[in-house]
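The values are calculated or read from the model by the stated rules, or taken from the named source; none is laboratory data. Keep in mind it's a predicted model, so treat the numbers as computed, not measured. Quick reminder, even Gly has a Cβ in these numbers, built from the backbone with ideal geometry, and neighbours come from all protein chains shown. Accessible surface is based on the protein model in full, side chains and every heavy atom, while ligands, DNA and RNA are left aside. Shrake-Rupley method; radii C 1.70, N 1.55, O 1.52, S 1.80 Å.
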Amino acid sequence: VASCVYAGKLFNTYLLYERGEEVFIIDQHAAHERLIFNRLKEQMQSRKILQQPMLLPFMLDLNAFESAFIRENLENIREIGFDIEEFGNNAFKISAVPLDLQEIDLKAFFNEILGDVSGYRCVKLEDLLKDKLATAACKAAVKGGMDLTREEVDRLFALMDGNMGLKCPHGRPVVVKMTKTDLEKMFKRIV
């Protein structure tokens, strides 16, 4: 990977790197999404979570059934980086969020988790939260069509640390490799 040379970008979405007779096409959104997700998951597992304190706490007002579900799972929610505590009857105060999710829409995030609480009784909250983290990582990642500076492109490539087999948390490939031979066949230079 150290021998890869930046060759440009397409449509402000795909980053091109050359190495010998190969070209690597990187989806900037999928790559950034995977990197954010990996960092959040690693922090959750190692409990080295960086938090972004909120200027004003977010108040989560719930019904009794939802409140019981959140109360039962407070530790799991804290493990992924939320500073959350009970605050009165059927209410919770969120004072900090995981640093990588500082732009998260808390109301939408918790509405998704609580959307069908009865259906989640048989699902581990950790698995559910990983799914929600994948969605949050997707929303926090740079988007296709965003014009990244060369410095941002280089930083993203460096963070990939040579892992050309990455997939985004939803399963899409981050990198596609093509050879010079593949391209020559497409242009009918060779059969």
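Quick notes on this one:
- Per-residue HN-Hα couplings for region 63-72 [Karplus 6.51, -1.76, 1.60; θ = phi - 60°; Hz; x = Gly/Pro]: 7, 4, 5, 5, 4, 4, 5, 5, 4, 5
- Electrostatic dipole magnitude of the chain [Cβ: Lys, Arg +1; Asp, Glu -1; Cα centre; debye, to 20]: 660 debye
- Neighbour cut-off at most 10 other Cβ (10 Å), DSSP loop, GluC sites (Glu not before Pro), region 82-115: 103
- For the chain, the longest site-free run once chymotrypsin sites (Phe, Trp or Tyr not before Pro) in DSSP loop states with at most 11 other Cβ atoms within 10 Å are removed: 12-186
- What the chain shows is 57 Å² of accessible area per residue, with the surface traced by a 1.4 Å probe over protein heavy atoms.
- Atom-type composition of the exposed protein surface of the chain places 53 percent of the accessible area on carbon and sulfur (1.4 angstrom probe).
- In the context of the full protein assembly, residue 150 retains an accessible surface of approximately 130 Å², using a probe radius of 1.4 Å and ignoring ligands and nucleic acids.
- Relative contact order of the chain, defined on C-alpha pairs under 8 angstrom at six or more residues apart (%): 31 percent
- Length available on full extension from residue 190 to residue 178: 0.36 nm per residue minus the Cα-Cα distance, which gives 2.8 nm.
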